[in-house]
Amino acid sequence: VQLQASGGGLVQPGSSLRLSCKASGVNFAITTMYWYRQTPGKERELVASATAEGDTNYAEFVRGRFTVSRDNVRRTMSLQMNSLLPEDTAVYHCNTIYRGTTFWGRGTQVTVSS
């Protein structure tokens with residue numbers, strides 16, 4: 001199983017970014033996918049999730065600003081991030097649990113700074 005996140009970058013507060021996670025080696029159509037983020041010195045935070053059926057959940061600190069979506073045909077999950085704040089600065093990872101094993105992808109750095 002491989003998960004590859006992309007789309008990060010350096011943006012100003014109030015800007016938008018769209019992250020993408022490409023999955024391979026997993027039956028994407030039946031797995032729940034997750035976005036996490038981590039900042040040095042802080043615990044990893046769950047940001048959002050999307051079930052195979054398309055049900056979504058968000059952490060309170062991103063609700064209303066971030067939108068998670070998935071394309072089961074292309075085996076991709078996206079995270080549209082709007083109204084970015086400096087505290088959204090982190091490395092964002094996608095994650096799934098497949099056949100009892102947790103898989104993490106290489107993250108993508110998001111930096112929000114003026």
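The values are calculated or read from the model by the stated rules, or taken from the named source; none is laboratory data. Quick caveat, the model's predicted, so the values are computed rather than measured. Cβ placement follows ideal geometry from the backbone for every residue including glycine, while neighbour counts extend to all protein chains displayed. Accessible surface areas use protein heavy atoms only, side chains included; no ligands, DNA or RNA. Shrake-Rupley method; radii C 1.70, N 1.55, O 1.52, S 1.80 Å.
See the values below:
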read-out: Phi to ³J(HN,Hα) by Karplus 6.51 cos²θ - 1.76 cosθ + 1.60 over region 17-27, Hz, x for Gly, Pro; value: 9, 10, 9, 10, 10, 9, 10, 9, x, 9, 6
read-out: Integer Hz, Karplus 6.51/-1.76/1.60 couplings in order for region 61-67, x for Gly and Pro; value: 6, 10, 4, x, 10, 10, 9
read-out: Thr89/Thr32 FRET efficiency (R0 30 Å; Cβ-Cβ; nearest 0.05); value: 0.70
read-out: Positive-end extreme of charge dipole, the chain - chosen from Ser20, Leu84, Trp35 (charges on Cβ); value: Ser20
read-out: Two-site label geometry, Trp104 and Leu46: point separation in nm, points 7 Å out along Cα→Cβ; value: 1.6
read-out: Sites matching chymotrypsin sites (Phe, Trp or Tyr not before Pro) across region 52-114 that sit in DSSP coil, with at most 15 neighbouring C-beta atoms within 10 Å; value: Phe61
read-out: Radius of gyration and Dmax over the Cα atoms of the chain, both given in Å; value: 13.3, 43
read-out: Amide proton proximity set for Arg70, modelled H, under 5 Å, gap of 5+; value: Ser78
read-out: Most mobile listed residue (Val11, Val26, Val73) in the chain, GNM with C-alpha springs under 10 Å; value: Val73
read-out: Percent accessible area from carbon and sulfur atoms, the chain, protein chains only, probe 1.4 Å; value: 46
read-out: Linear extension gain, Arg74 paired with Gln2, 0.36 nm per residue minus alpha-carbon span; value: 24.5 nm
read-out: Residue-normalised accessible area of the chain, expressed per residue, 1.4 Å probe, Å²; value: 54
read-out: Point-to-point label distance, Ser113-Ile97, nm (Cα→Cβ direction, 7 Å offset); value: 3.6
read-out: Nonlocal amide H pairs with Thr89, under 5 Å, H built at 1.01 Å; value: Val112
read-out: Whole-number percent relative contact order across region 38-114, with pairs defined as alpha carbons under 8 Å at least 6 apart; value: 22
